[in-house]
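Quick notes on the structure that follows.
The values are calculated or read from the model by the stated rules, or taken from the named source; none is laboratory data. Remember, it's a predicted structure, so these values are computed and weren't measured experimentally. Every residue, glycine as well, gets a Cβ built from its backbone with ideal geometry; the counts of neighbours run over all protein chains shown. Heavy atoms of the whole protein, side chains included, go into the accessibility calculation; ligands, DNA and RNA do not. Shrake-Rupley method; radii C 1.70, N 1.55, O 1.52, S 1.80 Å.
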Amino acid sequence: QVQLVESGGGLVQAGGSLNLSCAASGRTFSSFAMGWFRQAPGKEREFVAGISRNSRPGYADAVKGRFTISRENAKNTVYLQMNSLKPEDTAVYYCAATDYIYSIYDIHYSYWGQGTQVTVSS
């Protein structure tokens with residue numbers, strides 16, 4: 001079992017930045033690949049970024065070049081640095097953990113945080 005707690009969401013103007021954090025507790029953090037997903041009102045949850053156990057990152061096309069995912073195993077934490085934010089980035093952002101080496105599919109993730117709201121005003 002692992003528990004995930006996100007933080008760092010908030011309201012920001014278009015073009016601004018936010019840094020999301022996800023703190024994990026329970027099972028050994030380094031044994032998981034991690035992912036960030038988001039869900040906007042009326043839309044399905046979508047993959048944003050993922051990072052493998054050995055810190056290899058991957059990104060959805062919509063955020064490539066603007067978002068950076070990283071992990072710090074010593075602190076049991078994964079981060080999502082979001083720059084050049086756009087109104088269409090507005091969503092609840094979820095952190096998730098998977099036993100897969102890496103995945104962009106939410107069905108592969110067994111553990112989820114409660115989510116943190118990100119709102120980007122135009």
Accessible area, 1.4 Å probe, largest first: how do Ile107, Ile51 sort?
-> Ile107, Ile51
Residue-ordered couplings for segment 22-29, obtained by feeding phi - 60° into the Karplus form 6.51 cos²θ - 1.76 cosθ + 1.60 and rounding to whole Hz (Gly and Pro as x), are 9, 9, 10, 9, x, 4, 4, 4
Relative to the compact globular guide of 2.2 N^0.38 Å, what is the alpha carbon radius of gyration of the chain, as a ratio?
-> 0.97
Dipole size in debye (nearest 20) for segment 1-71 around its Cα centre, Lys and Arg Cβ +1, Asp and Glu Cβ -1?
-> 180
Cα centroid of segment 13-31 to Cα centroid of segment 78-117, whole Å = 9
